[in-house]
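Undergrad: Sharing a structure, written as structure tokens. Questions coming.
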Amino acid sequence: MKQRILVTGGTGFIGSHTVVELQNSGYEVIIVDNLSNSKADAVDHIEQITGIRPAFEQVDCCDLEGMDAVFAKYPGIQGIIHFAASKAVGESVQKPLLYYRNNLVSLINILELMPKHGVKGIIFSSSCTVYGQPDVLPVTEEAPIKKAESPYGNTKQINEEIVRDTVASGAPISAVLLRYFNPIGAHPTALIGELPNGVPQNLIPFLTQTAIGIREKLSVFGDDYDTPDGSCIRDYIYVVDLAKAHVIAMQRILDGKQKEKVEVFNVGTGRGLSVLELIHAFEESTGVKLNYQITGRRAGDIVKVWADPTLANNELGWKAETPIEDTLRSAWKWQVHLRETGVQ
Ligand code: UD1
């Protein structure tokens, strides 16, 4: 019998890639998504890629009864991967209550329902944003948690605490907190990828939209930072590599191989790239020239952060393997696919 996994936010960017990897690894997947920032046709595309149609329920994780009904409809769910969350940093500053409600209530509901339905483990999507600007780079999981720069970042910190407190209280569950660095790229088939609503706030969707002519110019937010070329540095991780980390972490939970009931792993490449380096890597790997200009700094930006992924490498036996050139080509292929299919 295939093991049943519930994936909240499974039609979204990271969620859809993870569903593909789970199905390719033999899991049966049930997706729950309220479609607030994704489209139901992701389910079709997952089926096209894997040959298997995941079950899909359009339910908001904040709806406790709705979620209870999902668990009742699909008995025997063994693990949950909880992606569903609001994730725009700027919007979270404008609408803090929306962020606190969405991101906190959904997790609380799931944690409350897990013991009731005998679900063993949960993987929670956390973020390197919990480190703020680290004092030491590369940053390890031991680094102190800094005061959050935004309500969005704060929801990640609070949710990590909610998971820890729940497990510490004796709830019969265990957890893995995955701290993602900057997930980018798209599936090699270009059937699933990142689909931002409106004007993209993140670098790669803005970059590919500029390259294809939807946006006139990419703004590089600052070249006077304390970095070799003055632009900010991030650890860009290929979304398919990131998705695979979830499959390994879930198997570790289900096999009872965890060393502690709550484990934390950085999921990054270990390599920092500046915005300007990324732009040049994109131009070189795709042959597409990019129109960009240096503008002022963006409020709230971290100067530099990249992962020490040693713990994930050693404990999970997972490593980010995809070269940045392939990752950037996949993002470009996705953007071209969106144009060809008339989506963007
Ligand atoms: C931040 C958070 C991350 C969160 C993500 C969600 C940190 C360290 N990271 O990512 O946890 O999941 O938001 O949105 O807090 N840039 C430009 N021009 C643009 C867009 C971006 O130069 O048009 C630059 C930014 O200044 C930054 C880099 O590109 O240096 C990456 O930006 P972005 O893709 O928005 O991600 P983060 O801000 O790193």
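The values are calculated or read from the model by the stated rules, or taken from the named source; none is laboratory data. Please read these numbers as outputs of a predicted model, since none were measured by experiment. Every residue, glycine as well, gets a Cβ built from its backbone with ideal geometry; the counts of neighbours run over all protein chains shown. Side chains included, ligands, DNA and RNA excluded: accessible areas come from the protein's heavy atoms. Shrake-Rupley method; radii C 1.70, N 1.55, O 1.52, S 1.80 Å.
Undergrad: Only one of Thr140, Thr166 is of a type outside the set (A, V, I, L, M, F, W, C) and in contact (Cβ under 8 Å) with a residue 60 or more places away in the chain. Can you tell me which?
TA: Thr140
Undergrad: Would you check if there is a residue in the range 276-287 being in contact (Cβ under 8 Å) with a residue 60 or more places away in the chain, in contact with a Leu (Cβ under 9 Å, 6 or more places away or on another chain), away from the ligand (no atom under 16 Å from the Cβ) and among the polar types (S, T, N, Q)?
TA: The answer is yes, given that some residue of the range 276-287 is in contact (Cβ under 8 Å) with a residue 60 or more places away in the chain, in contact with a Leu (Cβ under 9 Å, 6 or more places away or on another chain), away from the ligand (no atom under 16 Å from the Cβ) and among the polar types (S, T, N, Q).
Undergrad: Limited to the range 199-218, what total is found for residues that are in a helix (DSSP H, G or I) and more than 9 Å from the ligand (Cβ to nearest atom)?
TA: The qualifying residues number 3.
Undergrad: Return the residues of the range 292-314 that are under 19 Å from Leu242 (Cβ atoms) and touching a strand residue (DSSP E or B) at 6+ places or on another chain (Cβ under 7 Å); say none if nothing qualifies.
TA: Val305, Trp306, Ala307, Asp308, Pro309, Leu311, Ala312, listed by residue number.
Undergrad: Moving on. Kindly list, by first and then second residue, each pair from a residue in the range 67-93 that is in contact (Cβ under 8 Å) with a residue 12 or more places away in the chain and on the phi > 0 side of the Ramachandran plot to a residue that is away from the ligand (no atom under 12 Å from the Cβ) and open to solvent by 30 Å² or more (accessible area, probe 1.4 Å), limited to pairs with Cβ atoms under 6 Å and residues at least 6 apart or on different chains.
TA: Qualifying pairs under 6 Å: Gly76/Arg4.
Undergrad: Let me ask you something else. Go through (1) touching a residue at least 40 places away in the same chain (Cβ under 8 Å); (2) of a type outside the set (Gly, Ala, Ser); (3) away from the ligand (no atom under 15 Å from the Cβ) one by one and return the number of the condition Pro134 breaks.
TA: It is condition (3) that Pro134 fails.
Each row is one residue, and each column tells you yes or no for (1) within 12 Å of the ligand (Cβ to nearest atom); (2) touching a Cys at 6+ places or on another chain (Cβ under 7 Å); (3) assigned to a strand (DSSP E or B); (4) of a type in the set (S, T, N, Q).
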site: Ser125; (1), (2), (3), (4): yes, no, yes, yes
site: Ala148; (1), (2), (3), (4): yes, no, no, no
site: Tyr152; (1), (2), (3), (4): yes, no, no, no
site: Asp165; (1), (2), (3), (4): no, no, no, no
site: Ala171; (1), (2), (3), (4): no, no, no, no
site: Arg179; (1), (2), (3), (4): yes, yes, yes, no
site: Ala190; (1), (2), (3), (4): no, no, no, no
site: Asn197; (1), (2), (3), (4): no, no, no, yes
site: Val220; (1), (2), (3), (4): yes, no, yes, no
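Undergrad: Which pairs have Cβ atoms under 9 Å, sit 6 or more apart or on different chains, and link a residue in the range 226-240 that is under 20 Å from Glu321 (Cα atoms) and modelled with pLDDT of 95 or more to one that is within 9 Å of the ligand (Cβ to nearest atom) and of a type in the set (Ser, Thr, Tyr)?
TA: Ile233/Tyr225; Ile233/Ser274; Arg234/Ser274; Ile237/Tyr180
Undergrad: Given the conditions (1) buried (at least 19 other Cβ atoms within 10 Å of the Cβ); (2) under 15 Å from the mean Cα position of the chain (by Cα), which single one is not true for Ala175?
TA: Of (1) buried (at least 19 other Cβ atoms within 10 Å of the Cβ); (2) under 15 Å from the mean Cα position of the chain (by Cα), only one is false for Ala175: (2).
Undergrad: Right, something else. Please enumerate the residues belonging to the range 254-277 that are buried (at least 22 other Cβ atoms within 10 Å of the Cβ) and part of a helix (DSSP H, G or I).
TA: Across the range 254-277, the qualifying residue is only Val275.
Undergrad: Next up: Taking only the range 278-324 into account, find how many residues are surrounded by fewer than 16 Cβ atoms within 10 Å (Cβ to Cβ), among the basic types (Lys, Arg), more than 30 Å from Gly256 (Cα to Cα) and at pLDDT 95 or above.
TA: 2
Undergrad: Would you mind telling me which numbered condition in (1) open to solvent by less than 70 Å² (accessible area, probe 1.4 Å); (2) in contact with a helix residue (DSSP H, G or I) (Cβ under 8 Å, 6 or more places away or on another chain); (3) under 18 Å from Leu207 (Cβ atoms) Arg329 fails?
TA: Only one criterion is unmet by Arg329, namely (1).
Undergrad: A further question on this structure: Here are Glu160, Glu216, Glu141: which of them is at pLDDT 95 or above, within 24 Å of Glu260 (Cα to Cα) and surrounded by fewer than 20 Cβ atoms within 10 Å (Cβ to Cβ)?
TA: Glu141
Undergrad: Filtering the range 332-344 down to residues that are in contact with a helix residue (DSSP H, G or I) (Cβ under 6 Å, 6 or more places away or on another chain) and closer than 16 Å to Thr189 by Cβ, which residue is surrounded by the fewest Cβ atoms within 10 Å (Cβ to Cβ)?
TA: Applying the filter and picking the extreme gives Trp332.
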